[in-house]
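A.B. asks: Have a look at this one.
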Amino acid sequence: MHRRGQKMRRKLVLSGVVALLLVAVMAIGVIGSGAYFSDTETSIGNSFTAGTLNLTLNNTPDGQNRVQYTIENMKPGTQINSGWGRWELHNVGSIPGFVDIHNISVQALENGVTEPEVEAGDTTADVGELQNVLNLRLWVDTDGDGWMGDAAVEPVLFSGKLKDLPSDFDANIALPAGGTVKLGVLFDWWAAPVSDKITDNLAQGDSCVLNLTFELGQIAGQ
């Protein structure tokens with residue numbers, strides 16, 4: 001009887017363990033297959049497009065050179081202001097930029113030596129002297145009146161002899177998308193004092209060619 005009771009107790013214990021295992025397995029199954037709240041949203045078709053930075057000069061078509069000044073028969077006392085013509089820079093792109101001026105050069109041409117030049121001591125058969133007497137003033141013409149104003153409002157980029165032009169201007173002139181910047185230009189040839197008329201005579205018949213490149217960069221100092 002005693003042994004039979006022990007066997008019975010073992011069976012009951014084993015049955016209890018099996019029952020607990022079945023309950024645990026069923027509970028895990030319920031947890032794994034349970035339904036919870038959820039929601040989804042989509043973000044399809046995201047696109048990225050580069051902006052444009054495009055400079056034009058006096059409405060000249062892209063890529064075409066612009067000759068703004070062809071001035072002949074200059075003489076002492078000549079003054080040409082930018083009311084006669086100015087450089088107008090347009091940003092026809094979609095992002096703002098900054099304007100600089102690069103590759104500045106002045107080509108001096110003698111065009112032969114006249115008698116007054118010889119008498120004044122001109123000995124350069126191939127190099128002219130006009131750039132030595134011709135003045136250039138270049139500024140940001142904010143109000144567009146063609147004359148230099150307050151430097152705090154209309155910054156002066158250069159004022160001096162054409163021969164003294166630097167090769168570059170890091171002007172960093174802000175030019176917004178769709179905006180325009182006007183550069184005032186004034187050329188003048190002041191007559192030398194009578195005691196120094198030789199200086200002017202050295203430039204008789206000479207010519208000079210001014211070349212420069214305007215650049216619109218994305219950042220200042222680019």
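A.B. asks: Looking at 60, 114, 124, 78, which one is of a type in the set (Val, Ile, Thr), free of Cβ contacts under 8 Å to residues at least 12 places away in the same chain and farther than 17 Å from residue 157 by Cα? Break it down stepwise before answering.
C.D. replies: Numbers: 114 fails: free of Cβ contacts under 8 Å to residues at least 12 places away in the same chain; 124 fails: free of Cβ contacts under 8 Å to residues at least 12 places away in the same chain; 78 fails: free of Cβ contacts under 8 Å to residues at least 12 places away in the same chain.
Only one candidate qualifies: 60.
A.B. asks: Looking only at segment 175-200, how many residues end up being at pLDDT below 90 and not in a strand (DSSP E or B)?
C.D. replies: 11
A.B. asks: Quick one: in segment 118-146, of everything that is polar (S, T, N, Q) and surrounded by 13 or more Cβ atoms within 10 Å (Cβ to Cβ), which residue is modelled with the lowest pLDDT?
C.D. replies: Within segment 118-146, the match that is modelled with the lowest pLDDT is 124.
A.B. asks: Please pick out the residue among 97, 93, 149 that is within 25 Å of the chain's Cα centre (by Cα), in the same structural domain as residue 182 (by TED's automatic domain parsing) and modelled with pLDDT under 90.
C.D. replies: Only one candidate qualifies: 149.
A.B. asks: Is segment 96-115 home to any residue that is under 30 Å from residue 49 (Cα atoms) and β-branched (Val, Ile, Thr)?
C.D. replies: Yes: one or more hits.
The values are calculated or read from the model by the stated rules, or taken from the named source; none is laboratory data. The shown structure was predicted, so the numbers you read here are calculated from the model rather than taken from an experiment. Here Cβ is always computed from backbone atoms with ideal geometry, including for glycine, and neighbour counts include all displayed protein chains.
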